[in-house]
Ligand SMILES: N=NNCCOCCOc1ccc(-c2cn(C[C@@H]3NC[C@@H](O)[C@H]3O)nn2)cc1
């Protein structure tokens, strides 16, 4: 047996997101988000699932906090439902919505758990979508007003903030591939949305410096690792293009104040122009205090002439898959982290999401034996430890997710939680992985 030992300074956490766990979609003054509309549109989500009730965490947050307390984590990453706190998208705060998050934050702090807030985890108020949504540059101002209101309400107790979760998913997956809300298939829309998300991020960072001067702020891009299938130049170039879509397109503007010219040109060749205004990149490249990284999977990339926009196809390294059919590639996690460190320097990194989909149910013994998830976490935490030993400034690891929840277009069938949720009764059952993670957090180490 080998002991994987982590430095005591590494923080541990668990993550969720508002639309995926809260439910109470029509309670407490909340209005519809784009995900309410998208999930209630037939054909968009498996089994016709939606977030009307989700994990019922709006009414069960105290129990969720107890699970976090007994898990022993330092922090809990959750997101705010914009349409719960500002039902019209702009203007008046909804006191009931603000009160829910105030109570949640209070409960966390009283139980010794640090809150980490994600401002935008994909649930844009539908009212704003009807005014063009993120395609409309004015939505960046609406986001700034929302962010300022949250900084003023909660900045006294909450010191760790993330602006935008997975901007690639919120722009290209949602507006070009049509797989997530609002389900558009326009490259121009996706390019506009990606720029406006980054602009909104920059505006919020600027304002945060005044409103929460003792706080830390960043954002949480997702990276799916891609490496060449062969040493052929066409495979190498195809991989670079595929990786650039998630990495350079969303990180160069923030860390270098530029967009990758290769992609600007490639998008233009497909009639999608990057519509920027003077000063946008200066706003976007405001210094940040930390970067969240969401990592799940990696694969080999091979040139394919008819392989879509980037002429690349993803080939799994072997047959190992999770239950959402994503390849398991923990070495890709190590490579992602060392690559980001080499490219963007010593910005502190929180792993803001890492986890696996395994759909185990509750067995006769009343337990959930998710050995495969424990194995996934062991492999990826081993890779993380190697990256830390290689000098990557990783400061926290936040597992996705605390609870089985609404996995977007996949619905409730795809389970990422270390706690099982019965979506009829909302009963929580701690999985074997919960107890394994608890011990790992307690010991700052595990045996493999
Ligand atoms: N790379 N190119 N692919 C082209 C073709 O993609 C087809 C499908 O694509 C994707 C890519 C990525 C995802 C995804 C899901 N999660 C998990 C959530 N993260 C935030 C949190 O809410 C979790 O629920 N993270 N990422 C889904 C679908």
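Here are the numbers:
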| item | result |
| --- | --- |
| Residue 321 within 16 Å of the ligand (Cβ to nearest atom), over 22 Å from the mean Cα position of the chain (by Cα) and either closer than 30 Å to residue 14 by Cβ or modelled with pLDDT of 95 or more (or both) | no |
| Residue identified as in a helix (DSSP H, G or I), out of contact with any strand residue (DSSP E or B) (no Cβ under 8 Å at 6 or more places or on another chain) and away from the ligand (no atom under 13 Å from the Cβ) among 191, 205 | 191 |
| Condition broken by residue 429, with the remaining ones in (1) in contact (Cβ under 8 Å) with a residue 40 or more places away in the chain; (2) within 21 Å of residue 58 (Cβ to Cβ); (3) within 16 Å of the ligand (Cβ to nearest atom) satisfied | (3) |
| Count - residues of the stretch 66-85 that are under 17 Å from residue 161 (Cβ atoms) and buried (at least 23 other Cβ atoms within 10 Å of the Cβ) | 8 |
| From the options 412, 397, residue that is within 16 Å of the ligand (Cβ to nearest atom), within 14 Å of residue 359 (Cβ to Cβ) and under 20 Å from the mean Cα position of the chain (by Cα) | 412 |
| Count of the stretch 341-396 residues which are surrounded by fewer than 18 Cβ atoms within 10 Å (Cβ to Cβ) and part of a strand (DSSP E or B) | 1 |
| Test result for residue 252, away from the ligand (no atom under 16 Å from the Cβ), assigned to a helix (DSSP H, G or I), out of contact with any helix residue (DSSP H, G or I) (no Cβ under 6 Å at 6 or more places or on another chain) and closer than 15 Å to residue 168 by Cα | yes |
| Residues of the stretch 210-244 classified as touching a helix residue (DSSP H, G or I) at 6+ places or on another chain (Cβ under 7 Å), part of a helix (DSSP H, G or I) and under 28 Å from residue 160 (Cβ atoms), total | 1 |
| Residue count, the stretch 429-448 (criterion: part of a strand (DSSP E or B) and surrounded by fewer than 23 Cβ atoms within 10 Å (Cβ to Cβ)) | 5 |
| Selection within the stretch 38-58 - in a loop (DSSP other than H, G, I, E, B), farther than 21 Å from residue 104 by Cα and in contact (Cβ under 8 Å) with a residue 40 or more places away in the chain | 41, 44, 45, 49, 50 |
| Per-region count, the stretch 6-37, residues more than 19 Å from the chain's Cα centre (by Cα) and either farther than 24 Å from residue 428 by Cβ or part of a helix (DSSP H, G or I) (or both) | 9 |
| Selected residue [surrounded by fewer than 22 Cβ atoms within 10 Å (Cβ to Cβ) and out of contact with any strand residue (DSSP E or B) (no Cβ under 9 Å at 6 or more places or on another chain)] from 155, 132 | 132 |
| Per-region count, the stretch 156-171, residues within 16 Å of the ligand (Cβ to nearest atom) and in a loop (DSSP other than H, G, I, E, B) | 1 |
| Meets criteria (farther than 30 Å from residue 328 by Cα and either surrounded by 15 or more Cβ atoms within 10 Å (Cβ to Cβ) or under 22 Å from the mean Cα position of the chain (by Cα) (or both)) for residue 208 | yes |
| Helices (runs of 4 or more DSSP H) lying entirely in the stretch 77-155 (those with 1 or more residues that are more than 17 Å from residue 24 (Cα to Cα)) | 95-110, 126-129, 138-154 |
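The values are calculated or read from the model by the stated rules, or taken from the named source; none is laboratory data. For clarity, every value in this text was computed on a predicted model and none was experimentally measured. We place every Cβ from the backbone using ideal geometry, glycine too, and count neighbours over all the protein chains shown.
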